[in-house]
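Pasting in a structure now, in structure tokens, and then I'll have a few things to ask.
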Amino acid sequence: MTTRLQAGDTAPDFTLTDDAGQPVTLSQQEGKVIVYFYPAAMTPGCTKQACDFSDSLDRLQSEGYTVLGISPDKPEKLARFRENDGLTITLLSDPEKEVLTAWGAFGEKKLYGKVVQGVIRSTFVVEDGTVRLAQYNVKATGHVAKLRKDLGLES
């Protein structure tokens, strides 16, 4: 069973490569950070979710949030994802699934009624190195609007 993070836990620090080949470290991010995990770039649900985060980025940034999207995809695929869909959020690559596992976002899940190993679509809000909000098994569609509501950022 995958260990899941909860509000109040210390957020596992990481350094991952972004879609431009640059390292990004969680502990070096300023302000509040939304870390979300998604299964695969350029799939319908993941594209919808990434576009929703990109569309909300100005509002989130105005409230002090940075958005980091993490998947097992290689940086080259993430670069194509950014270009194809005009994404403005930071996309990070975790091909070894070490960060996904540390955050409880990789493990058993149900897919079309079958139990499989895979990425568990999850979202976290981190502030000062502490998990403030942990959401697992989120829906791709409508999740960003719900998250904004949960954070009191409805416009």
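Looking at segment 74-91, is at least one residue touching a Pro at 6+ places or on another chain (Cβ under 7 Å), farther than 17 Å from GLN135 by Cβ and of a type outside the set (A, V, I, L, M)?
Within segment 74-91, one or more residues are touching a Pro at 6+ places or on another chain (Cβ under 7 Å), farther than 17 Å from GLN135 by Cβ and of a type outside the set (A, V, I, L, M).
Does segment 59-67 contain at least one residue that is at pLDDT below 95, exposed (fewer than 14 other Cβ atoms within 10 Å of the Cβ), among the small types (Gly, Ala, Ser) and closer than 21 Å to GLN6 by Cα?
no
Quick one: in segment 32-53, which of the residues that are over 18 Å from VAL125 (Cβ atoms) and of a type in the set (S, T, N, Q) is surrounded by the most Cβ atoms within 10 Å (Cβ to Cβ)?
For segment 32-53, the residue satisfying everything is THR47.
Check ALA105, ALA79 and return the single one that is hydrophobic (A, V, I, L, M, F, W, C) and in contact with a helix residue (DSSP H, G or I) (Cβ under 9 Å, 6 or more places away or on another chain).
ALA105
Still on this model: Filter the helices (runs of 4 or more DSSP H) completely within segment 25-132 down to those with at least 1 residues that are touching a strand residue (DSSP E or B) at 6+ places or on another chain (Cβ under 9 Å), aromatic (Phe, Trp, Tyr) and more than 23 Å from ASP150 (Cβ to Cβ).
Because the criterion is at least 1 residues that are touching a strand residue (DSSP E or B) at 6+ places or on another chain (Cβ under 9 Å), aromatic (Phe, Trp, Tyr) and more than 23 Å from ASP150 (Cβ to Cβ), the helices (runs of 4 or more DSSP H) in segment 25-132 that meet it are 75-85.
With respect to the numbered conditions (1) of a type in the set (Val, Ile, Thr); (2) loosely packed, with under 15 Cβ neighbours inside 10 Å; (3) at pLDDT below 95, which one is the sole condition not fulfilled by THR130?
(3)
Within the set of pairs 6+ apart or on separate chains, which have a first residue in segment 50-74 that is at positive phi, a second that is surrounded by 16 or more Cβ atoms within 10 Å (Cβ to Cβ), and C-beta atoms under 6 Å apart?
If the second residue must be surrounded by 16 or more Cβ atoms within 10 Å (Cβ to Cβ), the pairs left are GLY64/LYS32.
The values are calculated or read from the model by the stated rules, or taken from the named source; none is laboratory data. Because the structure is a prediction, the values reported are computed rather than measured. Glycine also receives a Cβ, built like all others from the backbone with ideal geometry; neighbour counts cover every protein chain displayed.
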